[in-house]
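First the structure, in the form of structure tokens, and then the observations on it.
Any read-out appearing in this document is the output of simple, stated calculations on the displayed coordinates, not a laboratory observation. This one's a predicted model, so the numbers in the text were calculated from it and none came from an experiment. Reconstructed Cβ throughout: ideal geometry from the backbone, glycine too, with neighbour counts over all protein chains shown.
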């Protein structure tokens, strides 16, 4: 008969600290996002965004980006995700012809690189803390009520 032997039994207890009881763990849940596909669809309709329009997304949170893409797809709009750190010419080319841009306020400096490189920048909706106007998260929260 083969007898199982625990490897952990051969090591000293210092290498394997005892688990911390659940009441001692202090986990902070992330703040829920106001961005949900259904609300994005309502917002897009209210803004006149629809079939054939293009929305440029500079959103760092992948869940928020996915919700925006889904909501905009439901109204027939195309989306173009842009990564932070793009060079100015690539960013300007991506913004050319866009109907709207949705940009995280934290990425405002990245977005500003396109200023002056194209004739008409699309209207911008800012996402998150740091923007004083045209805040997408506020507009979506109002639609949720």
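Restricting to Cα pairs below 8 Å that are 6+ residues apart, what does the relative contact order work out to for segment 37-144? Please round to a whole percent.
Details: 183 pairs, mean separation 29.4, N = 108.
Relative contact order comes out at 27 percent.
For the pair residue 121 and residue 133, label points projected 7 Å from Cα toward Cβ lie 1.3 nm apart.
Computed from Cα atoms alone, the Kirkwood hydrodynamic radius reported for segment 37-144 is 13.7 Å. Using the Cβ-Cβ distance between residue 96 and residue 73 with R0 set to 22 Å, the FRET efficiency works out to roughly 0.55.
Compute log10 of I(q)/I(0) for segment 84-127 with the Debye formula, placing one identical point scatterer on every Cα and leaving out solvent, at q = 0.16, 0.23, 0.28 Å⁻¹, to two decimals. Here log10 of I(q) over I(0) equals -0.34, -0.74, -1.10. In plain terms, the residue of 90, 99 with the fewest other Cβ atoms within 10 Å comes first and the most crowded comes last, giving 90, 99.
Spatial offset of segment 38-89 relative to segment 114-140 amounts to 12 Å, using the alpha carbon center of each.
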